[in-house]
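Worksheet: the structure to be examined is printed underneath.
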Amino acid sequence: MRSYMNRLRDKNELMEVHREVDPRHELAAVTSAAHKAWGKPILFHKVKGTTLPVLTNIYGSRQRLADILGISPENFCKEWNELANIASTRESELIPSKPDETPALVDCKLSDLPLITYSEKDVGPYFTSAMFLAKDPETGVRNLSFHRSMYVSDQELRCRLAPKHHLTIYHEKAEKAGQPLEAAMLIGPPPASFLTAAAPLPYDSDELLVAAQLSGESIEMRPCKHIDLMVPASTEIVIEGRFLPNIRRPEGPFGEFMGYYTPEGNNAVFEVLGVTRRSDAIFHSILCGSSEEVLTLELSVAANIYQRISAVLPGIVDVTCHPFVLHTVVKIRQQYEGHARQVLLAVFGAEPTWAKMCTVVDEDVDIYDMDDVTWATLTRSRPDKDVMIIPETPSFYRDEEKDHWGRMGIDATVPFHRRAEFERKKVPGADRVNLGEYFSRS
């Protein structure tokens with residue numbers, strides 16, 4: 001992570017704050033305002049209550065995430081899937097680190113780390129960027145995943161483990177056996193693992209190995225001190241512990257990525273057994289609901305949908321989840337009448353959780369520009385004929401109370417047999433004109 005941060009610094013893409021900031025609301029406020037203004041990562045050198053600098057928004061743009069993988073941001077879905085196919089044949093490995101090359105480590109307490117409170121009504125500090133590494137108790141397959149963690153004390157965190165997540169299944173398996181589930185929380189692991197942790201990979205995928213394959217490099221691993229796990233040696237901070245069986249305690253409220261507070265509820269208890277960090281560690285923080293969190297979800301979900309619907313239908317050009325992860329937009333090259341409706345149904349079948357709304361457009365529409373998508377909807381669809389409502393159907397698990405059940409699909413493509421009538425007008429040369437040759441700043 002720090003190598004990538006330094007590359008951004010060399011390109012003047014890293015913003016740095018040297019005045020002291022308060023981890024209670026101020027750090028989040030500056031991150032939010034600066035991201036809206038400039039969209040760049042920020043390194044806070046002085047954070048009250050800790051000696052560690054805090055890095056935010058490092059993964060907060062499509063360009064940066066594409067750079068990490070070596071693909072183009074304009075064709076992310078197609079190239080992500082091509083890279084995944086290539087990666088599966090790579091012989092990248094997880095290898096033991098060499099003692100003389102492993103970063104110097106020191107022991108510390110949770111309270112030595114930046115304890116950041118983000119939203120106004122958050123119950124207290126949360127760890128938002130920590131990536132959980134755990135093994136299936138039955139198969140030993142490794143999983144990477146993100147789950148918010150509420151700070152209680154140096155010995156205890158309380159974590160929201162959502163239904164259907166692989167880590168939740170691991171925890172339930174361990175509980176049935178009356179055993180705790182060991183896990184390591186990784187703060188600042190290798191960048192490729194950040195994407196695989198968010199991606200909806202198959203249950204039997206070893207996500208750490210997938211991260212190595214995607215990066216095209218082996219990942220050096222070191223053993224934990226208190227649990228039977230190996231972790232990436234370059235990770236800035238590692239919190240070792242275990243989920244206690246059959247114990248749930250109050251957690252929340254917390255301002256989640258959807259823009260609302262999730263109320264207090266009984267959630268999993270993580271017993272902290274030890275914390276190790278690099279002697280010069282950098283703490284990575286994610287502002288929930290920012291592009292650093294939501295964009296990663298959007299890209300991984302879109303790539304998964306692209307792969308699945310392309311396998312069963314022709315003419316799929318691109319997919320995005322925009323302007324929010326619950327809205328899927330699909331660009332197609334129309335092949336036959338009714339093509340767009342089949343795409344809508346395929347999307348809802350391929351993605352039972354995230355695709356709450358789907359809009360299908362033609363290939364002349366910029367799916368990353370919601371103004372263009374909305375223009376297509378308003379000029380190419382009839383609300384009484386081209387909007388598909390699927391009632392009484394759940395999607396995102398937060399809808400478990402049925403208050404927001406239902407799905408909506410919009411066919412915003414031109415009528416198949418009248419495509420010539422919908423040719424978009426063009427002003428020749430408008431996309432190539434050099435305005436500097438015509439207008440002076442003086």
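Bear in mind these aren't lab numbers, they're just calculated from the coordinates by the rules spelled out. These numbers come from a predicted model, not from an experiment. As a convention, Cβ positions derive from the backbone with ideal geometry for all residues, glycine included, and neighbour counts pool all protein chains shown.
Counting other Cβ atoms within 10 Å, keep those with at most 14, restrict to DSSP loop, and tell me which trypsin sites (Lys or Arg not before Pro) in region 1-75 are left.
Here the trypsin sites (Lys or Arg not before Pro) that fit, given the DSSP loop and packing criteria, are 11, 19, 46, 48.
Normalise the Debye intensity by I(0) for the chain, one equal point scatterer per Cα, no solvent, then take log10 at q = 0.12, 0.14 Å⁻¹ and round to two decimals.
-1.08, -1.39
Using a Gaussian network model of the chain whose springs link C-alpha atoms within less than 10 Å, name the residue from 429, 39, 60 with the highest mean-square fluctuation.
In the Gaussian network model the winner is 429.
Report, to the nearest 10°, how far helix 76-87 tilts away from the longest principal axis of the Cα atoms in the chain, using its own Cα long axis and a range of 0 to 90°.
Between the helix axis and the principal axis of the chain, the angle is about 50 degrees.
Calculate, for residue 311 and residue 333, the FRET efficiency according to 1/(1 + (r/R0)^6) with r their C-beta to C-beta distance and R0 22 Å; round to the nearest 0.05.
FRET efficiency, residue 311 to residue 333: 0.85.
Using the basic label-point model (7 angstrom from Cα toward the beta carbon), what is the residue 419 to residue 7 distance in nanometres?
My value for the distance between the label points is 3.9 nm.
Quick one: angle between helix 26-38 and the longest Cα principal axis of the chain, in degrees between 0 and 90, rounded to 10, please.
It works out to around 30 degrees.
Sorted by packing (mean other beta-carbon atoms within 10 Å per residue), highest first, where do 319-331, 216-228, 347-359 land?
Those peptides, ordered most packed to least, come out 319-331, 347-359, 216-228.
With each pseudo-label sitting 7 Å past Cα toward Cβ, what's the residue 155-residue 388 distance in nm, one decimal?
My value for the distance between the label points is 5.5 nm.
Name the most mobile residue of 98, 109, 78, meaning the one with the largest mean-square fluctuation, in a Gaussian network model of the chain with Cα contacts below 10 Å.
Largest GNM mean-square fluctuation: 98.
How high is the relative contact order of the chain, in percent, with contacts defined as C-alpha pairs under 8 Å that are six or more residues apart?
Once divided by the residue count of the chain, the mean separation gives 14 percent.
So which of 11/48; 356/385; 11/98 end up more than 26 Å apart by C-alpha?
11/48; 11/98
Quickly work out the residue 261-to-residue 427 label distance, labels modelled 7 Å from Cα along the C-beta direction, and quote it in nm with one decimal.
4.9
Using only the Cα atoms of region 312-418, construct the convex hull and provide its projected area averaged over every direction, in square nanometres to one decimal.
Spelled out: convex hull of the Cα atoms, projected over all directions, averaged, 6.5 nm².
Tell me the angle of helix 339-350 to the major Cα principal axis of the chain, expressed in degrees between 0 and 90 and rounded to the nearest ten.
For 339-350 against the chain, the angle is about 20 degrees.
Run the numbers for residue 434 and residue 102: contour at 0.36 nm per residue of separation, minus the present Cα-Cα distance, in nm.
Net length gain for the segment: 114.4 nm.
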